[in-house]
């Protein structure tokens, strides 16, 4: 079955630096991969989607890459701010009805 | 903006009680999902529904049932609550975009404590 791995350890960085989060998956290659943000006590919020034929996708300070050979996606936040502190989840399709499976998420803490 | 609401933010129930968690979405989405989220385990799919009165088991359906009588409403039922069902429960909805790709919109979650 499909499995997603995200670094379970929190990532601590200084304000202004670039945060890089990793998502690795096993088995088949999905047609697309999604990234969500989750704040404590809240539901996840969709951020970005990248398709298998796209190497890179950008949205403001966010950048996502998708390497189907390595079975890996990287999520970058440039010029990070304390307000970027949250847990970031990656997700991909598994099975029929376009069900998503989610990684456990990586918690990012941006310090002033 | 899509809005997904859940009936309660916090619930405390006793072992053996029947528990109803309600979810309502206002964007006429076809698909609705129930997840539970536990530390270190991420989001796990309990049940989902792709149409009214249709339901499909997710990865961890044991101990749960669902009901979808109207398109906008998807209910999760714990037939006899147990302490191992203490968790955060998240409802989501989605529709198919023109590219055939779906993103999910989540409710705020219900934190359930079973004593």
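Derivation of every value follows stated rules applied to the coordinates shown; laboratory data play no part. Computed from a prediction, not measured in an experiment: that's the story for all the values here. Note that we place each Cβ from the backbone using ideal geometry, even for glycine, and neighbour counts take in every protein chain shown.
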(Q) With every atom except the alpha carbons ignored, what do you get for Rg and Dmax of the protein assembly as shown, in angstroms? (A) 17.6, 51
Q) When the scattering of the stretch B:1-49 is computed by the Debye formula from its Cα atoms alone, each counted once and equally, what is log10 I(q)/I(0) at q = 0.19, 0.21, 0.25, 0.32 Å⁻¹? A) -0.85, -1.00, -1.18, -1.22
Q. In whole angstrom, and with the biggest value first, how far do the Cα coordinates of the stretch B:35-82 range along each principal axis?
A. 33, 22, 15
Q: Using only the Cα atoms of the stretch B:47-115, each taken as one equal point scatterer with no solvent, compute I(q) by the Debye sum, divide by I(0), and report log10 of the ratio at q = 0.21, 0.22 Å⁻¹.
A: -1.02, -1.10
Q.
Over chain A, what portion of Cα pair distances is larger than 19 Å, expressed as a whole percent?
A. 41
Q) Across peptide A:33-45, how many C-beta atoms of other chains are within 10 Å of each residue C-beta, on average? A) 4
(Q) What three numbers, in Å, describe the spread of the alpha carbons of the stretch B:1-85 along their principal axes, ordered from the longest? (A) 35, 25, 24
Q: Express in % the proportion of alpha carbon pairs of the stretch A:1-46 at distances exceeding 17 Å.
A: 53
